[in-house]
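S.K.: A single structure is presented below for examination.
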Amino acid sequence: MMKLIFKSSGLVLIFMVFFSSSVFSQKFILLQKGANEKNRLKYEIGETFIYKTKKNDFYITDVIKDIQKDIIVLSENVLLPEDITSIYILNKDPRNSSLKNLTYLSYGAGVVLMSANVINSLYQDGSIRFESGGLITSGILFASGFTFSKIRYKHFKIHKRNKIQLITLYGD
């Protein structure tokens, strides 16, 4: 029984030695607007980073390989935070999932209302007929769904209160 305990503790010790560098260091890029901590976006090593620089007027997609004190090492580029003008955050920002759900909810409600209108007219009259109130309400639901799809957060522009920080915790 004691031999088994010593062997298992030895295996745990070996795993701790091999994986200690990833456990004790954490590096990430932090995007934040002002002092508001609720809207922070965090990019870690291995994530896709879509950015626009002062030199380029288009977005570049790259993968983060390393984050140092003053530079971002990407798979095909080395980047200074001061050179970044905008970051594409459509798929990263968690607020977008709520807006996306509201978009689908509005579109779905419009479809259900139109379907109910058609089914009721078929049941009552035997022909397809649309009520004006149902059309107006469905139109409003479709328009609100379209509006929600357009107001999602797409770009994080680096200026004034919007800032980018390179964070290294417990690392080299």
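S.K.: So if R0 is 25 Å, what FRET efficiency would residue 104 and residue 128 give, r being the distance between their Cβ atoms, rounded to the nearest 0.05? Please list the in-between numbers first.
M.R.: Numbers: r = 26 Å, r/R0 = 1.03.
Using R0 = 25 Å, I get an efficiency of 0.45.
S.K.: Just to verify a number: FRET efficiency for residue 75 and residue 160, C-beta to C-beta distance, R0 = 45 Å, to 0.05? List each step's numbers first, then the result.
M.R.: Values: r = 31 Å, r/R0 = 0.68.
For residue 75 and residue 160, the calculated efficiency is 0.90.
S.K.: Also: Taking a point 7 angstrom from the Cα of residue 36 along the C-beta vector, which residues in the stretch 63-96 have backbone N less than 19 Å away?
M.R.: Taking a point 7 Å out along Cα→Cβ of residue 36, the residues of the stretch 63-96 whose backbone N falls under 19 Å are 86-96.
S.K.: For 43, 104, 153, write out the residues from largest to smallest accessible area, computed with a 1.4 angstrom probe and no ligands counted. Mind showing how you got there, number by number?
M.R.: Details: 43 5, 104 140, 153 95 Å².
If we order 43, 104, 153 from most to least accessible, we get 104, 153, 43.
S.K.: Let a ≥ b ≥ c be the square roots of the eigenvalues of the Cα gyration tensor of the stretch 109-160; is it rounded (a/c under 1.5), or, if not, prolate (a/b larger than b/c) or oblate? List each step's numbers first, then the result.
M.R.: Working: a/c = 7.40, a/b = 4.52, b/c = 1.64.
Verdict is prolate for the stretch 109-160.
S.K.: Enter the per residue convex hull volume of the stretch 67-125, computed from alpha-carbon coordinates, in Å³ rounded to the nearest integer. Mind showing how you got there, number by number?
M.R.: On the way: hull volume 7.2 nm³, N = 59.
That works out to 123 Å³ per residue.
S.K.: Using a Cα-Cα cut-off of under 20 Å, which lysines could be cross-linked to residue 52, ignoring same-chain neighbours fewer than 8 residues away?
M.R.: Once the sequence-local lysines are set aside, what remains near residue 52 is 33, 42, 65, 92, 154, 157, 160, 163.
S.K.: Can you work out ³J(HN,Hα) from phi for every residue in the stretch 142-147, in order, using Karplus 6.51 cos²θ - 1.76 cosθ + 1.60 and θ = phi - 60°, giving whole Hz and x for Gly and Pro?
M.R.: Listing the rounded values in order: 5, 5, 5, x, 5, 4 Hz.
S.K.: Sticking with this structure for a sec: Along Cα→Cβ, 7 Å out, is where each label goes; now give me the distance between the ones at residue 90 and residue 63 in nm to one decimal.
M.R.: In this crude label model, residue 90 to residue 63 measures out at 2.2 nm.
S.K.: At a 1.4 Å probe radius, which order do 85, 48 fall into by accessible area, largest first? Intermediate results must be reported in sequence, preceding the final value.
M.R.: Details: 85 45, 48 75 Å².
Final ranking, largest accessible area leading: 48, 85.
S.K.: Per residue, how many Å² of accessible area does the stretch 44-172 show with a 1.4 Å probe? Don't jump to the answer; show the numbers that get you there.
M.R.: Details: 8490 Å² over 129 residues.
So the stretch 44-172 comes to 66 Å² accessible per residue, rounded to a whole number.
S.K.: Here is a further query. Would you rank 161, 152 by solvent-accessible area, highest first, keeping every protein chain in place and using a 1.4 Å probe? The partial results should precede the final answer.
M.R.: Details: 161 145, 152 65 Å².
Result of the area sort, largest leading: 161, 152.
S.K.: Heads up, I need the accessible area for residue 136: 1.4 angstrom probe, whole protein in place, Å², nearest 10.
M.R.: About 100 Å², ignoring ligands and nucleic acids.
S.K.: Name the residues whose placed amide hydrogens come within less than 5 Å of the amide hydrogen of residue 86, ignoring near sequence neighbours (fewer than 5 apart) on the same chain.
M.R.: Amide H neighbours of residue 86, under 5 Å, 5+ apart: 52, 158.
S.K.: A further question on this structure: At q = 0.14, 0.21 Å⁻¹, work out log10 I(q)/I(0) for the stretch 13-172 with the Debye formula, treating every Cα as an identical point scatterer and leaving solvent out; two decimals please.
M.R.: -0.80, -1.28
The values are calculated or read from the model by the stated rules, or taken from the named source; none is laboratory data. A quick note: this is a predicted structure, and the numbers were derived from the prediction, not measured. For neighbour counting, all protein chains shown are included, and Cβ atoms are generated from backbone atoms with ideal geometry for every residue, glycine included. Just so you know, the surface numbers come from the protein's heavy atoms only, side chains and all, with ligands and any DNA or RNA stripped out. Shrake-Rupley method; radii C 1.70, N 1.55, O 1.52, S 1.80 Å.
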